[in-house]
1. Evaluate segment A:299-309: report whether one residue or more is over 26 Å from A:S53 (Cβ atoms), within 13 Å of another protein chain (Cβ to nearest Cβ) and of a type outside the set (S, T, N, Q).
2. When you look at B:G173, is it surrounded by fewer than 16 Cβ atoms within 10 Å (Cβ to Cβ) and not in a helix (DSSP H, G or I), yes or no?
3. Quick one: B:S252 ticks every box in (1) crowded, with 24+ Cβ neighbours inside 10 Å; (2) at pLDDT below 95 bar one, so which box is it?
4. Looking at the structure I just gave you, is A:G281 touching a Leu at 6+ places or on another chain (Cβ under 9 Å), on the phi > 0 side of the Ramachandran plot and surrounded by fewer than 23 Cβ atoms within 10 Å (Cβ to Cβ)?
5. Of all the residues that make up segment B:290-328, how many are closer than 24 Å to B:G186 by Cβ, free of Cβ contacts under 8 Å to residues at least 60 places away in the same chain and acidic (D, E)?
6. Hey, can you tell me all the residues within segment B:205-220 that are outside any helix (DSSP H, G or I), in contact with a Phe, Trp or Tyr (Cβ under 8 Å, 6 or more places away or on another chain) and more than 8 Å from chain A (Cβ to nearest Cβ)?
7. Quick one: would you say B:L294 is within 14 Å of chain A (Cβ to nearest Cβ) and over 15 Å from the mean Cα position of the chain (by Cα)?
8. Among the numbered criteria (1) surrounded by 22 or more Cβ atoms within 10 Å (Cβ to Cβ); (2) modelled with pLDDT of 95 or more, which one does B:T182 miss?
Number of protein chains: 2
Amino acid sequence: MREGYGDRSPGAGLDTPAPVQGLNSAVRRRAKLGPVSANDAPRAQQPSAPYDSAFLKACRREPVPHTPVWFMRQAGRSLPEYRKVREGVPMLESCMRPELVTEITLQPVRRHGVDAAIYFSDIVVPLKAIGIDLDIKPGVGPVVEHPIRTRADLAQLRDLTPEDVSYVTEAIGLLTRELGSTPLIGFAGAPFTLASYLVEGGPSRTYENAKAMMYGDPELWADLLDRLADITAAFLKVQIEAGASAVQLFDSWAGALAPVDYRRSVLPASAKVFEAVAGYGVPRIHFGVGTGELLGLMGEAGADVVGVDWRVPMDEAARRIGPGKALQGNLDPTVLFAPTEAVEAKTLEVLDSAKDLEGHIFNLGHGVMPSTDPDALTRLVEHVHTRTAR
Amino acid sequence: MREGYGDRSPGAGLDTPAPVQGLNSAVRRRAKLGPVSANDAPRAQQPSAPYDSAFLKACRREPVPHTPVWFMRQAGRSLPEYRKVREGVPMLESCMRPELVTEITLQPVRRHGVDAAIYFSDIVVPLKAIGIDLDIKPGVGPVVEHPIRTRADLAQLRDLTPEDVSYVTEAIGLLTRELGSTPLIGFAGAPFTLASYLVEGGPSRTYENAKAMMYGDPELWADLLDRLADITAAFLKVQIEAGASAVQLFDSWAGALAPVDYRRSVLPASAKVFEAVAGYGVPRIHFGVGTGELLGLMGEAGADVVGVDWRVPMDEAARRIGPGKALQGNLDPTVLFAPTEAVEAKTLEVLDSAKDLEGHIFNLGHGVMPSTDPDALTRLVEHVHTRTAR
């Protein structure tokens, strides 16, 4: 019986959903499957397990004691304690130090009382882990030394093994012990967003090289995204097997695509990622900014929870996504620069727009902006909890 | 009888629609009103007047010989002849030299055979014209020396008079003579987009200061936008009275707003601009990028033609906008980096999606990107003309 990644051959099983019978009991307890043998402690004796948290209940569209809250980029530059521990540590290095990852991931949980932690990492971490020559340049973003433009360039993309990211397994082990009943959300970039960095060679606002490949050489494009789907799935599996209670797949830049192009050229790869981790039974969240036209398709790709940016009212988003999914969102992050009364009024607009959803996780419509006052975030968590207490 | 701006007191008439009876005959001929007296040459004797162009017919939702085409930013850095004439001339200065504006505006008409010219200018030109201390920094964009953050800062915004932009009147006089039957589209930035530059002090991707004012001090915000509406209306009036056959109001950054905020905090000012130029009878086009959720509201603001970015299929855009408007769009500008066959295939997707519209003007879903091959644009114009010839 497989107990973890230690006894797996590198790269094995990335193309198929993890078989449920192969999951260890710790994973089973976090997942909706519940205990399977007398050796498993029944949930009744673990009243404060992540499984029973408001966050995971909302993901499963079950009744909640209050609307759960977390913030994209809650662990990051908005917090003085983050800036302090990151001093002199380059971004990618900070993602590879388990104690530092643990500390940074815990900071917003301690400070704001959010309902979930999000694993501190960067979208390009799994690419770095398989040996892609890239760095995150301050003030610029990820820069790739040898952009992928031809079929030969695909050779840079080998499979990701658990050994490539042993620091992730270690950090999540530390984190789940510290977090107790607070769920930890695993994290990966989606194939399109990773491809956009790899093809452009760095951040872009227009993705002209990536789209030129997508339109001009659809087979090469499909092969690139398929490989990235395998790498992403392997990276999420490591996080789930180490103890993540949910995963969020960030397709940060998918909003740059027309629906017809998303469906044809992106959805198959994202669907492969979701399918690969379906067997674990942990909720799968999918988010991208500016994706109003893609919400239905992003749900169709296999998400249990669809994240919504602030441009689409939650009730309209639910209409586009259809039944059977929870929604996450969607306060405009810039609202936090306004006075408290304005923040509260806009928060009530979001809650009102979300009041008939099957499941609602309150979040911002995009990441916390670095110059946000952390106290405004703490007040926001309290406000949502108070206003939604049942 | 008013023959132009020469006999108007500065700033007069900016708050009310120009009375139709006050329009001179040249304006009448361009507008849908047609001739009004024996002194006006009947249209039958002017078979090649802009009024009869495919572009203006499509704006008016009349039958067209072919789908008209023009490109946002068609006059600009994609053209070697543009880069040549701009050599050593700062951006704002280039907007104030009538001969240079004329040459730059004509270049894409000569080269691509587009169905309309767009007046070469910049969104901040009317702000510069009323004395705002700003400059366009290469590689950065408009930078405002003293951002508007308080009520006292509003004093920077005096009314715009025709004398402030005499170079516009002169350039449009030159242009309409050169253009003959090709219509000239006038151009202005919408109040929200102007406000975002003025409040931020420069380009922004998040508009946190502008939105903080919008959410936190709605009265100051409304007053700021109202003043900008007057300035914008005055600037468009100058262009129409000088000979522009249509106007496009660019709300470039409106897509950063949720619909509820657009309706409450932006639409009234944009509507004031459209209302102020309604009496001229020239088609009024409205465009912003990422505005899928706002299309209906942008039509409601008073546009005759709504521009659509590439994220929303044209038939879905038409559904959101409702009847009685022409639509403009919407090929993804990055498609032009793909091989010709791919460009043609994507172009047919757009034409197919637009086939049941009341009126369709083919355009890109955003501006031409500077690195676009100009020959790809020329081929695209030919392709649309050929495929849609009736």
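The values are calculated or read from the model by the stated rules, or taken from the named source; none is laboratory data. Since the model is a prediction, treat every value here as computed from it, not as a measurement. Note that each Cβ is placed from the backbone with ideal geometry, even for glycine, and that neighbours are counted across all protein chains shown. Accessible surface is based on the protein model in full, side chains and every heavy atom, while ligands, DNA and RNA are left aside. Shrake-Rupley method; radii C 1.70, N 1.55, O 1.52, S 1.80 Å.
1. No - not one qualifying residue is present in segment A:299-309.
2. No, not satisfied.
3. Only one criterion is unmet by B:S252, namely (1).
4. Yes.
5. 2
6. Within segment B:205-220, none qualify.
7. yes
8. (1)
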